[in-house]
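The values are calculated or read from the model by the stated rules, or taken from the named source; none is laboratory data. Everything quoted here is computed from the prediction, not taken from an experiment. We place every Cβ from the backbone using ideal geometry, glycine too, and count neighbours over all the protein chains shown. In case anyone asks, the SASA skips ligands and DNA or RNA and just uses the protein heavy atoms, side chains included. Shrake-Rupley method; radii C 1.70, N 1.55, O 1.52, S 1.80 Å.
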Amino acid sequence: MSTSQGKLVIFSAPSGSGKSTLVQYLLKEVPGFAFSISATSRAPRGTEKDGVDYYFLSNEAFQQRVAEEAFLEWEEVYPGTCYGTLKSEVEKRWAAGQAVAFDIDVVGGKNLKARYGEHALALFIQAPSIEELERRLIVRGTDSSDKIKQRIEKASWEMDQSPFFDHTIINDDLDRAKAEAKKLLIEFLAK
Ligand code: 5GP
């Protein structure tokens, strides 16, 4: 008998690699896992809603949660902007017999994989190239040019971290990437 309880599925990627589209697809297609909603100190973008996309906290409220040891992990992903996984989110999903999925930065993904080993499936979603990544961020139109520059600089370092993950999915062809991720996820959840 397989169980999803106590399992983690980690999705890490440089921003703009198409991770969100892939993850939304998997949520619809594969039963037995649910996302942990992260907390962040950044402001909501576009149509993002508190408690749905993130728990949006002020810097002070975020640091308060850090002091209370409410986070399983947290990172200052961009200078002055923190993101973290609340322990309560993970416990809630495990208690419901679900695997917990994380959309998490590359450093956080590496750390969780190192900590949870075989209990975690760590997927690194990669855009075909830095140029393509930049183009996608510009087309998305949700970030200022400064923010895009910051994300691109970080992305080239992040791409070198893929060997720390169980699998790298190159998102050059969305349908192929979807099929590959779905297969890996189903195999892992059935173990
Ligand atoms: P965005 O601002 O584009 O929503 O997210 C920026 C980065 O923060 C992404 O790489 C995303 O995966 C990461 N991130 C989101 N939630 C968490 C979290 O709970 N912990 C960590 N370490 N990174 C996160």
task: Provide a single number: the residues in the range 150-178 that are surrounded by 12 or more Cβ atoms within 10 Å (Cβ to Cβ) and out of contact with any helix residue (DSSP H, G or I) (no Cβ under 9 Å at 6 or more places or on another chain).
output: 2
query: Just checking, which of Y83, Y25, Y55 is of a type in the set (S, T, Y) and touching a helix residue (DSSP H, G or I) at 6+ places or on another chain (Cβ under 6 Å)?
result: Y25
task: Report whether or not N111 is surrounded by 20 or more Cβ atoms within 10 Å (Cβ to Cβ) and under 27 Å from A190 (Cα atoms).
output: no
Positions within the range 131-158 being within 19 Å of the chain's Cα centre (by Cα) and of a type in the set (A, V, I, L, M, F, W, C), in sequence order: L133, L137, I148, I152, A155, W157
- line: Conditions (1) open to solvent by 60 Å² or more (accessible area, probe 1.4 Å); (2) away from the ligand (no atom under 14 Å from the Cβ) -> G97 fails only (1)
- prompt: Going through the range 73-94 one residue at a time, which ones are within 18 Å of F33 (Cβ to Cβ) and either touching a residue at least 40 places away in the same chain (Cβ under 8 Å) or near the ligand (Cβ under 8 Å from one of its atoms) (or both)?
  reply: T85, L86, E89, V90, R93, W94
statement: Among residues of the range 1-50 being hydroxyl-bearing (S, T, Y) and more than 12 Å from the ligand (Cβ to nearest atom), the residue least open to solvent (accessible area, probe 1.4 Å) is S4
query: Just one of L189, L123 is touching a His at 6+ places or on another chain (Cβ under 6 Å) and either open to solvent by less than 30 Å² (accessible area, probe 1.4 Å) or modelled with pLDDT of 90 or more (or both); which is it?
result: L123
